[in-house]
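Written out below as C-alpha coordinates is the structure these notes cover.
The values are calculated or read from the model by the stated rules, or taken from the named source; none is laboratory data. Just so we're clear, the structure is a prediction, and the values are computed from it rather than from any experiment. Using ideal geometry, Cβ is built from the backbone for each residue, glycine included, and neighbour counts are taken over all protein chains shown. Please note that ligands, DNA and RNA were not included when accessible areas were found on the heavy atoms of the full protein model with its side chains. Shrake-Rupley method; radii C 1.70, N 1.55, O 1.52, S 1.80 Å.
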Amino acid sequence: MPNDTPFEPGHATTATTSLADSPAIADGRSLTQRAYEAIKHDIITLRLRPGETLNEAQLMQSTGLGRTPVHQAMHRLALEGLLVILPRKGAMVAPVSLNDALEIIDVRMINETYCVELAARAATPDDLATIEAVLARSREAIAMRDVAATMCIDRDFHLAISRASRNQTLAELLRGLHERSLRFWFLALSTPSHLEGVYEEHLELFEALAAHDAERARRAITRHIEEFRTHILKAI
(Lines give C-alpha, C1' and ligand atoms only; values in the text may rest on other atoms or scores of the structure.)
Protein backbone atom coordinates (compact mmCIF):
# COMPACT_ATOMS: atom_id res chain seq x y z
CA MET A 1 0.00 0.00 0.00
CA PRO A 2 1.32 3.52 -0.78
CA ASN A 3 2.75 5.70 1.95
CA ASP A 4 0.31 7.82 3.93
CA THR A 5 1.20 10.98 2.02
CA PRO A 6 -1.07 14.04 2.19
CA PHE A 7 -2.51 15.19 -1.12
CA GLU A 8 -2.22 18.84 -2.01
CA PRO A 9 -4.28 19.64 -5.10
CA GLY A 10 -3.22 22.37 -7.44
CA HIS A 11 -6.70 23.85 -7.57
CA ALA A 12 -10.26 23.15 -6.57
CA THR A 13 -12.93 22.41 -9.15
CA THR A 14 -15.65 25.06 -9.17
CA ALA A 15 -18.99 23.79 -7.89
CA THR A 16 -22.25 25.65 -7.46
CA THR A 17 -24.32 23.12 -5.56
CA SER A 18 -24.12 23.30 -1.78
CA LEU A 19 -24.71 20.70 0.88
CA ALA A 20 -26.11 23.53 3.01
CA ASP A 21 -29.03 25.06 1.15
CA SER A 22 -31.73 25.03 3.85
CA PRO A 23 -33.30 28.34 4.93
CA ALA A 24 -32.01 30.03 8.06
CA ILE A 25 -33.80 29.33 11.31
CA ALA A 26 -32.82 31.61 14.17
CA ASP A 27 -32.03 29.11 16.91
CA GLY A 28 -28.69 27.92 18.19
CA ARG A 29 -29.08 24.33 17.05
CA SER A 30 -29.96 25.13 13.44
CA LEU A 31 -27.28 27.84 13.22
CA THR A 32 -24.67 25.31 14.29
CA GLN A 33 -26.00 22.88 11.70
CA ARG A 34 -25.83 25.54 9.00
CA ALA A 35 -22.26 26.41 9.95
CA TYR A 36 -21.31 22.73 9.96
CA GLU A 37 -22.83 22.08 6.54
CA ALA A 38 -21.34 25.21 4.96
CA ILE A 39 -17.81 24.55 6.23
CA LYS A 40 -18.07 20.85 5.42
CA HIS A 41 -19.17 21.64 1.87
CA ASP A 42 -16.16 23.88 1.33
CA ILE A 43 -13.84 21.18 2.69
CA ILE A 44 -15.40 18.42 0.60
CA THR A 45 -15.32 20.44 -2.62
CA LEU A 46 -11.73 21.54 -1.94
CA ARG A 47 -12.56 25.22 -1.69
CA LEU A 48 -10.77 24.83 1.64
CA ARG A 49 -7.67 22.90 0.61
CA PRO A 50 -6.08 20.03 2.51
CA GLY A 51 -3.50 21.43 4.92
CA GLU A 52 -4.96 24.96 4.83
CA THR A 53 -5.02 26.73 8.19
CA LEU A 54 -8.27 28.33 9.35
CA ASN A 55 -9.51 30.46 12.20
CA GLU A 56 -12.93 31.25 13.61
CA ALA A 57 -12.96 34.82 12.29
CA GLN A 58 -12.30 33.61 8.76
CA LEU A 59 -15.09 31.03 8.95
CA MET A 60 -17.49 33.50 10.56
CA GLN A 61 -16.98 35.74 7.54
CA SER A 62 -17.37 32.97 4.96
CA THR A 63 -20.52 31.52 6.57
CA GLY A 64 -22.07 34.77 7.77
CA LEU A 65 -22.65 33.16 11.16
CA GLY A 66 -21.54 33.92 14.70
CA ARG A 67 -18.66 32.64 16.78
CA THR A 68 -20.60 30.06 18.82
CA PRO A 69 -22.11 28.07 15.88
CA VAL A 70 -18.81 28.25 13.98
CA HIS A 71 -16.86 27.07 17.04
CA GLN A 72 -19.25 24.16 17.61
CA ALA A 73 -19.21 23.23 13.92
CA MET A 74 -15.41 23.19 13.87
CA HIS A 75 -15.27 20.76 16.77
CA ARG A 76 -17.86 18.50 15.13
CA LEU A 77 -15.81 18.47 11.92
CA ALA A 78 -12.71 17.67 13.96
CA LEU A 79 -14.48 14.66 15.46
CA GLU A 80 -15.30 13.51 11.91
CA GLY A 81 -11.68 13.84 10.87
CA LEU A 82 -12.14 16.73 8.41
CA LEU A 83 -10.43 19.35 10.60
CA VAL A 84 -7.46 19.19 12.95
CA ILE A 85 -7.78 21.59 15.90
CA LEU A 86 -4.55 23.51 16.55
CA PRO A 87 -4.41 24.76 20.16
CA ARG A 88 -4.27 28.58 20.28
CA LYS A 89 -3.88 28.69 16.50
CA GLY A 90 -7.27 27.72 15.09
CA ALA A 91 -7.58 24.67 12.86
CA MET A 92 -6.18 22.98 9.78
CA VAL A 93 -8.07 21.18 7.04
CA ALA A 94 -7.11 17.52 7.41
CA PRO A 95 -4.81 16.24 4.65
CA VAL A 96 -6.21 13.85 2.05
CA SER A 97 -4.49 10.50 2.50
CA LEU A 98 -4.36 7.81 -0.17
CA ASN A 99 -4.07 5.19 2.55
CA ASP A 100 -7.31 6.44 4.13
CA ALA A 101 -9.08 6.28 0.77
CA LEU A 102 -7.91 2.73 0.07
CA GLU A 103 -8.87 1.53 3.55
CA ILE A 104 -12.38 2.98 3.16
CA ILE A 105 -12.69 1.33 -0.26
CA ASP A 106 -11.69 -2.05 1.19
CA VAL A 107 -14.31 -1.78 3.95
CA ARG A 108 -16.94 -0.62 1.46
CA MET A 109 -16.19 -3.57 -0.81
CA ILE A 110 -16.90 -6.05 1.99
CA ASN A 111 -19.98 -4.36 3.41
CA GLU A 112 -21.58 -2.84 0.36
CA THR A 113 -21.54 -6.06 -1.65
CA TYR A 114 -23.46 -7.68 1.21
CA CYS A 115 -25.78 -4.68 1.40
CA VAL A 116 -26.82 -4.83 -2.26
CA GLU A 117 -27.38 -8.57 -1.96
CA LEU A 118 -29.81 -7.92 0.90
CA ALA A 119 -31.44 -5.04 -1.00
CA ALA A 120 -31.93 -7.17 -4.10
CA ARG A 121 -33.92 -9.62 -2.00
CA ALA A 122 -35.78 -7.18 0.24
CA ALA A 123 -36.42 -4.07 -1.90
CA THR A 124 -40.09 -3.12 -2.18
CA PRO A 125 -41.67 -1.25 -5.11
CA ASP A 126 -41.46 1.92 -3.01
CA ASP A 127 -37.74 1.34 -2.37
CA LEU A 128 -37.11 0.85 -6.07
CA ALA A 129 -39.09 3.99 -6.94
CA THR A 130 -36.98 5.98 -4.49
CA ILE A 131 -33.72 4.63 -5.92
CA GLU A 132 -34.90 5.27 -9.49
CA ALA A 133 -35.85 8.86 -8.61
CA VAL A 134 -32.35 9.50 -7.29
CA LEU A 135 -30.90 7.94 -10.44
CA ALA A 136 -33.03 10.25 -12.60
CA ARG A 137 -31.64 13.31 -10.82
CA SER A 138 -28.12 12.39 -11.85
CA ARG A 139 -28.76 12.72 -15.59
CA GLU A 140 -29.07 16.50 -15.47
CA ALA A 141 -26.20 16.94 -13.00
CA ILE A 142 -23.86 14.89 -15.18
CA ALA A 143 -24.98 16.70 -18.34
CA MET A 144 -24.15 20.01 -16.62
CA ARG A 145 -20.85 18.56 -15.35
CA ASP A 146 -21.88 19.61 -11.84
CA VAL A 147 -19.40 17.59 -9.81
CA ALA A 148 -20.71 18.68 -6.40
CA ALA A 149 -24.31 17.80 -7.29
CA THR A 150 -23.26 14.45 -8.74
CA MET A 151 -21.30 13.71 -5.56
CA CYS A 152 -24.39 14.39 -3.41
CA ILE A 153 -26.61 12.33 -5.71
CA ASP A 154 -24.11 9.44 -5.62
CA ARG A 155 -24.28 9.53 -1.82
CA ASP A 156 -28.10 9.62 -1.87
CA PHE A 157 -28.19 6.70 -4.30
CA HIS A 158 -26.09 4.49 -2.06
CA LEU A 159 -27.98 5.53 1.07
CA ALA A 160 -31.31 4.66 -0.59
CA ILE A 161 -29.97 1.21 -1.39
CA SER A 162 -28.68 0.71 2.15
CA ARG A 163 -32.13 1.57 3.53
CA ALA A 164 -33.66 -0.99 1.17
CA SER A 165 -31.44 -3.69 2.69
CA ARG A 166 -33.62 -3.61 5.86
CA ASN A 167 -30.50 -3.90 8.00
CA GLN A 168 -30.32 -0.73 10.08
CA THR A 169 -26.91 -1.47 11.57
CA LEU A 170 -25.40 -2.03 8.13
CA ALA A 171 -27.11 1.10 6.79
CA GLU A 172 -25.63 3.22 9.58
CA LEU A 173 -22.18 1.77 9.04
CA LEU A 174 -22.35 2.56 5.33
CA ARG A 175 -23.65 6.06 6.00
CA GLY A 176 -20.51 6.76 8.02
CA LEU A 177 -18.28 5.34 5.28
CA HIS A 178 -20.04 7.41 2.63
CA GLU A 179 -19.64 10.60 4.65
CA ARG A 180 -15.93 9.87 5.08
CA SER A 181 -15.67 9.23 1.33
CA LEU A 182 -17.09 12.56 0.14
CA ARG A 183 -13.78 14.34 -0.45
CA PHE A 184 -12.48 11.29 -2.28
CA TRP A 185 -15.65 11.13 -4.36
CA PHE A 186 -15.21 14.78 -5.34
CA LEU A 187 -11.64 14.08 -6.47
CA ALA A 188 -12.62 10.95 -8.40
CA LEU A 189 -15.69 12.51 -10.00
CA SER A 190 -13.60 15.47 -11.16
CA THR A 191 -12.01 13.22 -13.77
CA PRO A 192 -14.24 13.41 -16.89
CA SER A 193 -14.15 9.69 -17.69
CA HIS A 194 -15.39 8.77 -14.22
CA LEU A 195 -18.14 11.39 -14.17
CA GLU A 196 -19.48 10.04 -17.44
CA GLY A 197 -19.34 6.42 -16.27
CA VAL A 198 -21.11 6.87 -12.94
CA TYR A 199 -24.62 6.98 -14.40
CA GLU A 200 -24.12 3.77 -16.38
CA GLU A 201 -22.73 2.01 -13.29
CA HIS A 202 -25.67 3.17 -11.19
CA LEU A 203 -28.13 2.14 -13.89
CA GLU A 204 -26.60 -1.35 -14.05
CA LEU A 205 -26.95 -1.70 -10.28
CA PHE A 206 -30.51 -0.41 -10.26
CA GLU A 207 -31.55 -2.85 -12.97
CA ALA A 208 -30.10 -5.74 -10.95
CA LEU A 209 -32.00 -4.61 -7.85
CA ALA A 210 -35.24 -4.20 -9.82
CA ALA A 211 -34.80 -7.75 -11.14
CA HIS A 212 -34.13 -8.96 -7.56
CA ASP A 213 -30.93 -10.53 -8.90
CA ALA A 214 -28.58 -10.59 -5.92
CA GLU A 215 -25.59 -12.01 -7.76
CA ARG A 216 -25.87 -9.46 -10.56
CA ALA A 217 -26.15 -6.71 -7.96
CA ARG A 218 -22.96 -7.91 -6.26
CA ARG A 219 -21.11 -7.85 -9.59
CA ALA A 220 -22.42 -4.36 -10.36
CA ILE A 221 -21.40 -2.83 -7.03
CA THR A 222 -18.01 -4.54 -7.21
CA ARG A 223 -17.39 -2.97 -10.62
CA HIS A 224 -18.60 0.40 -9.34
CA ILE A 225 -16.26 0.38 -6.33
CA GLU A 226 -13.32 -0.88 -8.40
CA GLU A 227 -13.85 1.99 -10.86
CA PHE A 228 -13.82 4.38 -7.90
CA ARG A 229 -10.54 2.86 -6.71
CA THR A 230 -9.00 3.26 -10.18
CA HIS A 231 -9.90 6.94 -10.40
CA ILE A 232 -8.79 7.68 -6.84
CA LEU A 233 -5.37 6.23 -7.66
CA LYS A 234 -5.21 8.60 -10.64
CA ALA A 235 -6.45 11.63 -8.68
CA ILE A 236 -4.25 11.42 -5.58
* To do: Run the quick spin-label model on Glu200 and Thr222: label points 7 Å from Cα toward the beta carbon, then report their separation in nm to one decimal.
  => 2.0
* Using Cα atoms only, what is the angle between the long axis of helix 192-210 and the major principal axis of the chain, expressed in degrees (0 to 90) to the nearest 10? -> 50
* Asked: Tally Lys and Arg at +1 and Asp and Glu at -1 over the other residues with C-beta under 13 Å from the C-beta of Met60: what net charge comes out?
  -> +1
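For region 98-235, what class follows from the C-alpha gyration tensor (a ≥ b ≥ c being the square roots of its eigenvalues): rounded when a/c is under 1.5, otherwise prolate if a/b is larger than b/c, else oblate? Write out the running numbers ahead of the final one.
On the way: a/c = 1.69, a/b = 1.25, b/c = 1.35.
Since a/c reaches 1.5 but b/c is at least a/b, the shape of region 98-235 is classed as oblate.
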* To do: Before anything else, pin down the relative contact order of region 98-235: Cα pairs under 8 Å, at least 6 apart, normalised by residue count, whole percent.
  => 39
* Asked: For region 31-93, what is the per residue volume of the convex hull drawn over the alpha-carbon atoms, in cubic angstrom?
  -> 69
* Roughly what angle does helix 67-79 make with the longest principal axis of the chain, taking Cα atoms, 0 to 90 degrees, to the nearest 10? -> 50
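Show me the trypsin sites (Lys or Arg not before Pro) within region 85-178 that DSSP assigns to loop and that have at most 15 other Cβ atoms within 10 Å of their Cβ. Display every interim value, and only then the final one.
Values: sites: Arg88, Lys89, Arg108, Arg121, Arg137, Arg139, Arg145, Arg155, Arg163, Arg166, Arg175; in loops: Arg88, Lys89, Arg145, Arg166.
Sparse-neighbourhood loop trypsin sites (Lys or Arg not before Pro): Arg88, Lys89, Arg145, Arg166.
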* To do: Mind listing the long-range amide H neighbours of Leu83? Cut-off is under 5 Å, sequence gap 5 or more, other chains count too, H placed in the peptide plane at 1.01 Å from N.
  => Ala78, Ala94
* Hey, what's region 98-235 come to in accessible area per residue, 1.4 Å probe, Å²? -> 42
* Structure fact -> Among region 97-117, those whose backbone N falls under 11 Å of a label point 7 Å along Cα→Cβ from Gln168 are none
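May I ask you to compute the full-extension gain from Glu132 to Asn99, defined as 0.36 nm times their residue separation minus their alpha-carbon distance, rounded to one decimal in nm? Show your work: numbers first, answer last.
Details: separation 33, 0.36 × 33 = 11.88 nm, distance 3.31 nm.
Here the segment from Glu132 to Asn99 would lengthen by 8.6 nm.
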* **On Cα atoms only, tilt of 98-122 relative to the major axis of the chain in degrees** => 40
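Starting from 0.36 nm per residue, how many nanometres of slack lie between Ala143 and Glu215 once their C-alpha separation is accounted for?
Gain on stretching Ala143 to Glu215: 22.9 nm.
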* **Estimated FRET transfer efficiency (Arg121, Ala78; beta-carbon r; R0 45 Å; 0.05)** => 0.70
* Would you please give the FRET efficiency between Asp106 and Ser30, computed as 1/(1 + (r/R0)^6) with r the Cβ-Cβ distance and R0 = 35 Å, to the nearest 0.05? => 0.45
* To do: List, largest first, the extents of the alpha carbons of the chain along their principal axes, each in whole Å.
  => 55, 43, 35
